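First comes the structure, then the notes that go with it.
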Amino acid sequence: MRPPPDADIYAPEFPPRLDWVNVAFLRMDKLIGSHAVLIEFWDFARVNSVRTIPYLKAWHERYSEHGLRVIGVHSPGYSFGRDPDTVRRAVARLELDYAVVLDPALEIWRLYGNRGWPGRYLFDRRSRLRYLHYGEGDYDGTELAIQELLREIEDFAAPEPPVQAA
C-alpha cells in the first residue's frame with residue numbers, strides 16, 4: 001500500500017542502547033540522502049515472518065549496492081524471543097546478512113505503530129514513507145516500489161524480472 005502523496009510520514013529514529021546483529025548500530029539520520037530503507041518487523045518464531053525472509057535476502061543481495069538498506073526489526077511475540085542469544089542464533093541459522101535490531105520491549109514497534117508480523121515499511125532517501133505492507137504477499141509491489149526509489153537515488157536500470165523467491 002502506498003500512503004497518499006501528500007502524507008508526510010517520516011521514519012522514527014531507532015531508540016538508543018538496543019542490540020544489533022550484523023552491524024554495530026544504525027541511525028536513520030545517517031542513512032538519509034544516500035539510501036532507501038526497507039524495515040521489516042519480524043519474529044523468527046512466526047512462520048509468516050520466516051516465509052518473507054527469502055524475499056528480504058534477495059532484495060538485500062540484489063539492491064544493496066544500488067542504495068537499498070534492509071533492516072530487520074526482531075519484535076518477539078513470545079517470551080523466549082526476548083533473549084538476545086536466541087535471536088542471534090536464529091539470525092545465523094537463517095543466514096541473514098542484513099542488519100537486524102533487537103526490539104525485545106517492542107519500543108520500535110510502538111514508534112512505528114506497527115500492526116503485525118511481518119510489517120514492511122519502505123522509506124525514500126529523505127526518510128519519507130513511500131510504501132507499507134502488513135502480512136505476507138505483495139512481493140512484486142514491494143520490488144517495484146524499491147526500484148522506483150532507487151531510480152530517485154541514481155541512474156538505476158532495474159534488472160528483469162522481479163525477484164521470485166522460493
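Assorted remarks:
- Pairs are defined by a Cβ separation below 7 Å, a sequence spacing of at least 6 or placement on different chains, a first member in the range 136-158 that is modelled with pLDDT under 95 and surrounded by 14 or more Cβ atoms within 10 Å (Cβ to Cβ), and a second member that is of a type in the set (A, V, I, L, M) and assigned to a helix (DSSP H, G or I); the pairs so defined are Phe156/Leu150.
- Residue in the range 139-161 that is over 22 Å from Pro12 (Cβ atoms) and under 14 Å from the mean Cα position of the chain (by Cα) present: yes
- Here Pro76 meets the list (1) more than 15 Å from Trp20 (Cβ to Cβ); (2) touching a residue at least 60 places away in the same chain (Cβ under 8 Å); (3) surrounded by 22 or more Cβ atoms within 10 Å (Cβ to Cβ) almost entirely, failing just condition (2).
- Any helices (runs of 4 or more DSSP H) falling wholly within the range 1-114 and containing at least 3 residues that are of a type in the set (Phe, Trp, Tyr) and touching a helix residue (DSSP H, G or I) at 6+ places or on another chain (Cβ under 8 Å): 53-63
Yes or no, residue by residue, for (1) under 19 Å from Lys57 (Cα atoms); (2) at pLDDT below 95; (3) of a type in the set (Lys, Arg):
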position	(1), (2), (3)
Pro76	no, no, no
Val91	yes, no, no
Val100	yes, no, no
Asp103	no, no, no
Arg125	no, yes, yes
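The values are calculated or read from the model by the stated rules, or taken from the named source; none is laboratory data. Being a predicted model, the structure only gives us computed values, none of them experimental. Note: ideal-geometry Cβ built from the backbone for every residue, glycine included; neighbour counts use all protein chains shown.
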